[in-house]
Amino acid sequence: MTREQNGLPSELHMVDLFAGPGGLDVAAQWLGISVEGIEWDADACETRRAAGLSTIQGDVRAYEAKEFSNARILAGGPPCQTYTVAGSGSGRRALNLVVDAARRMASGNDADKVLATVDDRTQLVLEPLRWILDAHRAGDPFDSVVLEQVPAVLPVWKTIRQVLLGLDYNCVCEVLQTEQYGVPQTRRRAILIARRKAPVALPKPTHRPFRQDVAREDGEQALLPWRTMADTLKRASPFTVISNYGTGGDPKNRGRRRSDQPSATVTGKISRNRIESPNGDDDRFSWEEAGALQTFPRDYPWSGRDKSQQIGNAIPPRLAAHVLAAALGMQVDTDSLDEVTKKNWFETESGSALVRPLDRPPSESTLFEEAESLLEN
């Protein structure tokens, strides 16, 4: 197989489960990875097709890994509504059952009885594990795995990590803060990254964490300042965003963020947030602006209905670029990423110039020692 100068294979293919409107897929195109996305939601599929993304509209559970034998990377962001703090919470209450079911699946036992009382959406978090196990048992395992979800799902990722360690993968999982990767938004995502028979590490932060009481210029000087809404949206005047959600347990105490700060977490209710100008006028984010806070290109063709839900459900492409690079044993070149994210979507050329070798590849012996310790515990 021919290789690019940066060490990546000239052809890389990924299958993206629960692909949504394309957060991972946008990042993949930036990195030169081709993607086949599986998504059941008709509106998200409409957006994907308008963006020119390869899309299979259907239920992930109706497909098998062997149907995508050319895919060397498995990615997935299962629905989070039952796990998120803003949702019903049924997924969080069923975590112990889901973790037990994951262990049963790995050992070849039937997990159906364990999951009998767990609703369908909550069970979907285990679909990536089914694909991983099926590919392994068929003798054609994926080279890399990337999973993302809300922080509440981290215990499930840790269980899947234990399974992967027994399948010749090195694997890391942790909750990452999006503003530390140049996303103009404070959002926390539980990320799992695995590489088969190769060292792996979480992507290193490139930007400082946001703190309400810490100036943007302060903090670790080796890192870049966090990005603001004003820098991203280029509105003429300062503004304050008043959240649709309450804070501190008080539904009437609406959260506020100034335009010289990152956005609060972009959710499916972002269209309900009010934007207050100094003259007292109220406004709302356009779809273009809401997508830009998620780091989608400004001309991304949001289509179909419930665009705010599509935008809120997506992983920010800028974070996804860092995560996918780590899944390839590489790191993102921040200056190059800055340049590509300024381009219109339909002007973006697919390529892998955004990544370069790690400055310090993780020690494989250290990773195996960590794996042995985890299994012992």
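No lab work stands behind these numbers, since they all come straight from the coordinates. Keep in mind that this is a model prediction, so the values were computed, not measured. Here the Cβ is made from the backbone with ideal geometry for all residues, glycine too, and neighbour counts use every protein chain on show.
Listed highest first by mean packing, meaning other Cβ atoms within 10 Å per residue, what order do 319-327, 270-278 come in? Write down the numbers at each step before the final one.
Working: 319-327: 26.7, 270-278: 17.0.
Packing proxy ranking, top to bottom: 319-327, 270-278.
Listed cross-link partners LYS66/LYS269; LYS197/LYS343; LYS269/LYS342; LYS66/LYS342; LYS113/LYS269 are compared with a 32 Å cut-off, the Cα-Cα value being larger for LYS66/LYS269; LYS197/LYS343; LYS66/LYS342; LYS113/LYS269.
The shape of region 135-271 comes out prolate: with a ≥ b ≥ c from the C-alpha gyration tensor, a/c is at least 1.5 and a/b beats b/c.
Protection proxy ranking, highest mean first, for peptides 195-207, 155-167, 219-231, 27-39: 27-39, 155-167, 195-207, 219-231, where packing is the per-residue count of other beta-carbon atoms within 10 Å, averaged.
For GLY32, nonlocal amide neighbours, meaning residues 5 or more places apart or on other chains whose placed amide H falls under 5 Å from its own, are GLY351.
Amide H contacts of THR55: GLY37, each under 5 Å away and 5 or more positions distant or on a separate chain (H built 1.01 Å from N in the peptide plane; Pro and chain starts excluded).
Take each peptide in 148-154, 280-286, count the other Cβ atoms within 10 Å of every residue, and average; sorted highest first, the result is 148-154, 280-286. With both labels modelled 7 Å from their Cα along Cα-to-Cβ, the THR117 to ASP333 distance reads 5.5 nm.
Taking amide H positions as modeled 1.01 Å from N, with prolines and chain starts lacking one, the residues under 5 Å from SER263 and 5 or more places away or on another chain are GLN185, THR186, MET229.
Residue exposure proxy: GLU174, GLU179, GLU127, ordered by other Cβ atoms within 10 angstrom of their Cβ from fewest to most, comes out as GLU174, GLU127, GLU179.
Percent relative contact order of region 131-283, based on C-alpha pairs within less than 8 angstrom and at least six residues apart? Here the relative contact order equals 19 percent.
Does region 123-187 come out rounded, prolate or oblate, given a ≥ b ≥ c as the square roots of the eigenvalues of its C-alpha gyration tensor, rounded meaning a/c under 1.5 and, failing that, prolate meaning a/b above b/c?
On the way: a/c = 2.37, a/b = 2.03, b/c = 1.17.
Here region 123-187 falls in the prolate category.
The dipole here belongs to region 110-208: it is taken about the Cα centre, uses +1 on the Cβ of Lys and Arg and -1 on the Cβ of Asp and Glu, and is about 480 debye. Of the options GLY166, VAL156, TRP287, report the single residue whose Cα projects farthest towards the positive end of the charge dipole of region 152-309 (beta-carbon charges: Lys, Arg +1; Asp, Glu -1). Looking along the dipole axis, the top candidate is GLY166.
3J(HN,Hα) along region 104-110: 5, 4, 5, 8, x, 8, 6 Hz, from the Karplus curve 6.51 cos²θ - 1.76 cosθ + 1.60 with θ = phi - 60°, whole Hz, x for Gly and Pro.
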